[in-house]
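The values are calculated or read from the model by the stated rules, or taken from the named source; none is laboratory data. Quick caveat, the model's predicted, so the values are computed rather than measured. Note that we place each Cβ from the backbone using ideal geometry, even for glycine, and neighbour counts take in every protein chain shown.
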Amino acid sequence: MTLLTVWPEDDPTRVLLRTTDPAEIADVLGRLGVRFSRWPLADLPATPTPDQVLTAYRERIDEVNAREGYTHVDAVALSPETPESDRRAARAKFLTEHTHDDDEDRFFAKGSGVFYLHMDAKVHAVLCEAGDLLSVPAKTTHWFDMGTAPDYVSVRFFHDEEGWVASFREDSIAHAFPTYDELAASRD
């Protein structure tokens with residue numbers, strides 16, 4: 001179940017909001033210009049190929065592309081079968097606050113991960129689950145945590161063939177906030 005947790009940017013011990021209500025999550029994020037929606041899950045093999053994921057969600061992907069003008073879409077996966085060094089490197093790449101010149105749209109076809117949005121003097125952590133589509137507007141300061149044992153498949157949307165390009169902040173506050181593992185454990 002999707003979880004939104006909000007803290008003041010200067011106090012990760014003081015929870016301002018914690019909700020699993022999809023309508024409330026969409027409303028809170030929508031006021032920040034962040035789109036959140038849920039898609040029905042398609043049947044996928046246990047370890048789907050990128051082509052299988054893109055084919056299974058083709059109609060919805062085409063709708064997003066038409067509405068938002070994306071020209072490049074791919075599917076990425078990390079699982080327990082991914083070599084540990086690759087999982088650690090992938091996780092480390094996203095754990096520092098950064099921005100993009102492009103929107104960052106992600107659909108979770110399997111598994112979960114947390115997008116932390118540093119906006120409006122707050123940190124909004126969205127623990128996304130399979131079925132969630134989150135669109136982070138361009139220039140939004142954020143970071144992503146897939147946990148210490150990543151296991152997810154996501155569809156990524158881009159306006160540019162270059163794909164994922166980030167500008168990292170040297171003064172990141174990401175290390176001060178609860179991790180994916182801590183949020184996932186607190187939800188259960």
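Of all the numbered requirements in (1) of a type in the set (A, V, I, L, M, F, W, C); (2) assigned to a strand (DSSP E or B); (3) free of Cβ contacts under 8 Å to residues at least 40 places away in the same chain, Ala92 misses one, and that requirement is (2). In the range 161-169, is there at least one residue being touching a Lys or Arg at 6+ places or on another chain (Cβ under 8 Å), at negative phi and surrounded by fewer than 18 Cβ atoms within 10 Å (Cβ to Cβ)? Among the residues of the range 161-169, at least one is touching a Lys or Arg at 6+ places or on another chain (Cβ under 8 Å), at negative phi and surrounded by fewer than 18 Cβ atoms within 10 Å (Cβ to Cβ), which makes the answer yes.
If you take the residues of the range 89-104 that are charged (D, E, K, R) and within 13 Å of Asp160 (Cβ to Cβ), which of them is nearest to the chain's Cα centre (by Cα)?
The residue in question is Glu104.
What about Val34, is it under 22 Å from Ala125 (Cα atoms), under 16 Å from the mean Cα position of the chain (by Cα) and in contact (Cβ under 8 Å) with a residue 12 or more places away in the chain? Considered against the rule, which asks whether it is under 22 Å from Ala125 (Cα atoms), under 16 Å from the mean Cα position of the chain (by Cα) and in contact (Cβ under 8 Å) with a residue 12 or more places away in the chain, Val34 comes out as yes.
Counting only strands (runs of 3 or more DSSP E) that sit wholly inside the range 105-171, those with at least 3 residues that are modelled with pLDDT under 95, under 15 Å from the mean Cα position of the chain (by Cα) and within 18 Å of Tyr70 (Cβ to Cβ) are 152-158. Checking each residue in the range 100-128 for being touching a residue at least 60 places away in the same chain (Cβ under 8 Å), surrounded by fewer than 19 Cβ atoms within 10 Å (Cβ to Cβ) and touching a strand residue (DSSP E or B) at 6+ places or on another chain (Cβ under 6 Å) picks out only Lys122. Within the range 42-64, the set of residues being in a helix (DSSP H, G or I) and either surrounded by 14 or more Cβ atoms within 10 Å (Cβ to Cβ) or β-branched (Val, Ile, Thr) (or both) comprises Pro50, Gln52, Val53, Leu54, Thr55, Ala56, Arg60, Ile61, Val64.
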